[in-house]
Structure formats: C-alpha cells, structure tokens
Amino acid sequence: MSSRKNIVIVGGGPFGASVAKGLSSASSFDTTRYRLILVTPRPFFVHLPALIRTAVTSAGSLEDEILMPYDDFMKGKGEVKVGTVASFSEGKEGGEVVLQSGEKIPYSVLVLTPGSIWEGPLNLPESESDIRRHFGTWRQTIEKANDIVLVGGGSVGIEFAGELKDFYPTKHVTLVHGQHQLLNSTYPDRYRDALLRRVRKTGTDVVLGEYIDSTEPSEDGTITTRNGKHFRADLVIPTRGGRPNTALVSASLGANALTSTGHIKVQPTLQLTGHPQIFAGGDAIEWKEQKQAGKARGHAPIIVENVLNVLTKGAGTTEGLVFYKGSTEMIITTVGRSGGVSYFGFLWGIVLGDWFSRLIKSKGLVIEMSRGNLGLGRLQK
C-alpha cells in the first residue's frame with residue numbers, strides 16, 4: 001500500500017484549479033510523498049466570466065473557447081478524477097471521500113471549493129454536449145423574445161443587459177433591482193452611479209427599489225413586483241447572485257459547519273473551524289468580501305502554503321501557518337463588447353470607464369489570460 005499522503009481537492013472551478021496548480025508547482029511538493037487528486041464533475045474547466053455572452057449569442061463560437069480541458073495542467077504532479085462527490089468523512093489522521101460511483105478516496109488533507117449554484121442561463125449541466133444544447137436553447141429563447149426582464153441588478157444583471165442591448169439593440173430590456181442603487185454597498189456611490197448611467201445609455205430601462213419573486217411571466221405577458229408594479233415580459237431571466245453549493249458539507253460534517261446563509265465557516269488559515277485537516281476557499285466560504293473568481297489569487301496561495309505545512313507537521317500544528325487577510329475589492333463590470341465601468345478600491349478608490357474596461361475585459365473576456373495562467377488546453381474541434 002502506498003505511503004504517500006493524499007491531498008484531495010473537491011471542485012474544479014477557478015479556486016480548486018488554482019489550488020491544484022499552486023500545489024503541483026510548489027518547490028516543496030514531492031510526488032514521492034504526496035499524491036494530488038482534483039475531483040470534478042466535468043473533464044474541463046469552465047471560464048465563468050464569459051458565460052453571459054456565450055448564452056446570449058453564437059458570435060465567436062465562445063463555447064469552443066470557454067470550455068478548457070484540464071489536460072496535463074498539473075505537469076504530471078497530480079491527476080484529475082472526473083466524478084461527483086456523494087459524501088466525505090473525517091478521522092484523526094485524515095478521512096475518506098466517496099464518489100457517487102461508489103469509489104472511495106482516502107485523504108490526509110481535504111480542500112473544498114464547491115462554488116455556487118446559479119439560476120437560468122448560468123446553471124450549466126455537466127457534459128459538453130448538454131452544455132452546448134443549453135447555450136443553444138437560451139440563444140433561441142432570447143432571439144425570439146421582445147420584452148426581456150432581468151431580475152437582479154448586481155454584476156450579472158448589468159452584464160446581461162449590456163450583452164442583450166449590444167447584440168439585440170431593438171429589444172426592450174428592463175433591469176429590476178431591489179436596492180436603490182445597482183450592485184451593493186461594498187462599492188462607493190460614485191461607482192454605482194457611474195454604472196447606472198452606463199447601463200441606461202444602452203437603452204435599458206433600470207427600475208430600482210422593486211423586487212420580483214417569480215420568474216414566470218403571467219398569461220397576459222407581464223411580470224409583477226411585490227409592490228404591484230407591472231412590466232411587459234415574454235422572457236424573465238434570473239440574474240441574482242449564486243447560492244453557496246454546500247449541501248455536501250452540511251450532510252457530511254453537520255449543519256454547524258455552515259453559517260445561516262449556507263457558507264462554510266473558516267478560520268483565517270482557511271481551515272474549517274474544528275476541522276484542521278479540511279480547508280475551503282472560494283465563493284462557498286464565509287468571509288466579508290465579494291464573491292468573485294478573481295479572489296482565487298488570494299485564497300489559493302494561503303491554502304497551498306498551509307496544506308503543505310499541515311502535511312509536514314501534522315493537523316494539530318499552528319506553527320508556520322499563514323493567515324488570509326482579505327483582498328482589495330476590484331471589479332470590472334462589462335457593458336457589452338466595448339463598454340463597462342471598473343473599480344479599484346485602493347488609494348481614493350479609482351473608477352475607470354469604457355476604454356479601460358474594454359481593454360482588460362469587455363472585448364476578450366480574459367479568456368486567454370485564464371487559459372495561460374492555469375495552463376489549460378483547448379477543445380478538439
């Protein structure tokens with residue numbers, strides 16, 4: 001039986017892939033001592049920032065670009081196991097991950113990066129063929145619609161409005177948001193106001209301070225808010241934020257492992273509270289910061305260093321562990337292919353407009369940057 005210690009990462013999104021890449025690239029990572037396993041339900045990485053445009057249009061065949069095979073992105077120092085985790089257990093010196101197939105994988109250290117559950121166009125199936133059909137169905141539905149209502153004015157709703165008005169400028173698009181400014185209070189008013197002006201410039205009707213609970217239009221082709229306001233709608237797209245994908249954690253460790261919002265409780269070391277052999281990162285953890293794929297740049301190095309420390313010194317160690325202290329809030333919110341508004345929360349808080357947003361994100365959706373940073377492959381056409 002192998003004496004190597006298993007590091008099992010559950011979740012192959014931006015956080016899980018970043019941890020796997022970081023561990024396999026670490027100078028102290030020794031494949032004769034450690035075995036690295038990334039468990040993910042798909043054999044490819046999904047580039048999240050491009051999902052909205054991919055759902056709206058077939059232009060550029062983005063589905064060929066945003067589904068990125070893992071190939072040998074860990075350079076032979078780890079393996080990708082395609083499967084869905086059914087449960088996991090914990091013991092004194094590790095535990096065991098059980099897949100839906102029945103396969104059992106022992107671990108010395110477990111890293112949880114389960115991500116979020118999304119609605120509507122962003123709720124992707126798992127196989128490549130089903131994802132392609134999913135995008136095709138949404139594109140057809142959007143093309144046939146005349147009056148589209150977007151429910152939620154965070155970055156997802158704003159970017160949907162931008163893509164819809166870019167590719168279908170004659171469609172009537174209404175963006176409904178429960179707060180009295182777009183996004184949330186993490187961002188300064190001047191950034192939120194700049195986004196409101198930019199979205200309205202596209203011809204989108206923005207309605208603030210109203211909530212829509214149902215995403216099914218009524219028979220007369222309208223949708224109604226809680227306050228009784230009616231809007232024409234032959235298509236309603238939920239563009240609210242994602243929910244933490246943590247049912248597995250609660251079922252395996254108990255409800256006390258999660259907060260009331262369903263996020264995983266973690267310490268500054270990104271270890272689960274009371275579970276020093278288990279780490280977590282990404283959207284699913286409870287941390288006072290915005291949930292963004294870009295936060296992987298902050299979470300992954302902390303997890304990598306602390307995982308290696310625990311493997312070397314034991315789960316009970318506190319010596320040498322490093323703390324996650326949060327990161328500066330930054331966001332580039334696209335408004336179509338050539339526009340957007342960006343915010344950087346350092347100095348006095350910097351707000352930049354179309355030219356910068358287009359250069360960094362709006363035009364190419366940072367697809368090649370993501371592929372290069374992680375060392376991912378391309379789909380075979």
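The values are calculated or read from the model by the stated rules, or taken from the named source; none is laboratory data. The structure displayed is predicted, hence computed values, not measured ones. Positions of Cβ are backbone-derived with ideal geometry, glycine not excepted, and every protein chain shown enters the neighbour counts. Note: accessible area is taken over every heavy atom of the protein model, side chains too, but ligands, DNA and RNA are not part of it. Shrake-Rupley method; radii C 1.70, N 1.55, O 1.52, S 1.80 Å.
Among the residues of this structure, Lys291 does not count as one that is open to solvent by less than 20 Å² (accessible area, probe 1.4 Å) and assigned by the TED database to the domain that holds Gly95.
Scanning the stretch 192-247 for residues that are under 23 Å from the mean Cα position of the chain (by Cα) and of a type in the set (Ser, Thr, Tyr) returns Thr215, Thr239, Thr246. Those strands (runs of 3 or more DSSP E) of the stretch 214-259 in which 1 or more residues are assigned by the TED database to the domain that holds Gly178 and hydroxyl-bearing (Ser, Thr, Tyr) occupy 222-224. Tallying residues that are in a strand (DSSP E or B), under 20 Å from Gly157 (Cβ atoms) and more than 21 Å from the chain's Cα centre (by Cα) within the stretch 320-377 yields 1. Taken together, Arg35, Arg53 contain a single residue that is open to solvent by less than 20 Å² (accessible area, probe 1.4 Å) and of a type in the set (Lys, Arg), which is Arg53. Please tell me if Val10 is under 21 Å from Val97 (Cβ atoms), open to solvent by 10 Å² or more (accessible area, probe 1.4 Å), of a type in the set (A, V, I, L, M, F, W, C) and modelled with pLDDT of 95 or more. Considered against the rule, which asks whether it is under 21 Å from Val97 (Cβ atoms), open to solvent by 10 Å² or more (accessible area, probe 1.4 Å), of a type in the set (A, V, I, L, M, F, W, C) and modelled with pLDDT of 95 or more, Val10 comes out as yes.
State whether the residues of the stretch 83-105 include one that is of a type in the set (Ser, Thr, Tyr), more than 30 Å from Gly364 (Cα to Cα) and surrounded by 17 or more Cβ atoms within 10 Å (Cβ to Cβ). No.
Within the stretch 301-331, the residues that satisfy the criterion of being open to solvent by less than 70 Å² (accessible area, probe 1.4 Å), of a type in the set (A, V, I, L, M) and under 30 Å from Pro49 (Cα atoms) are Ile302, Ile303, Val304, Val307, Val322, Ile331. Could you give every pair whose Cβ atoms fall below 7 Å, whose first residue belongs to the stretch 36-59 and is in contact (Cβ under 8 Å) with a residue 40 or more places away in the chain, and whose second residue is among the polar types (S, T, N, Q) and surrounded by fewer than 24 Cβ atoms within 10 Å (Cβ to Cβ), counting only separations of at least 6 or pairs across chains? Going by the 7 Å Cβ cut-off, the qualifying pairs are Leu36/Ser24; Ile37/Asn6; Pro41/Thr84; His47/Ser370. If you filter the stretch 20-32 down to residues that are surrounded by fewer than 16 Cβ atoms within 10 Å (Cβ to Cβ) and either of a type in the set (Gly, Ala, Ser) or free of Cβ contacts under 8 Å to residues at least 40 places away in the same chain (or both), you find that the one that is nearest to Ser155 (Cα to Cα) is Ser25. Scanning the stretch 60-79 for residues that are touching a residue at least 60 places away in the same chain (Cβ under 8 Å), over 29 Å from Val236 (Cα atoms) and either part of a strand (DSSP E or B) or under 16 Å from the mean Cα position of the chain (by Cα) (or both) turns up Met68, Pro69.
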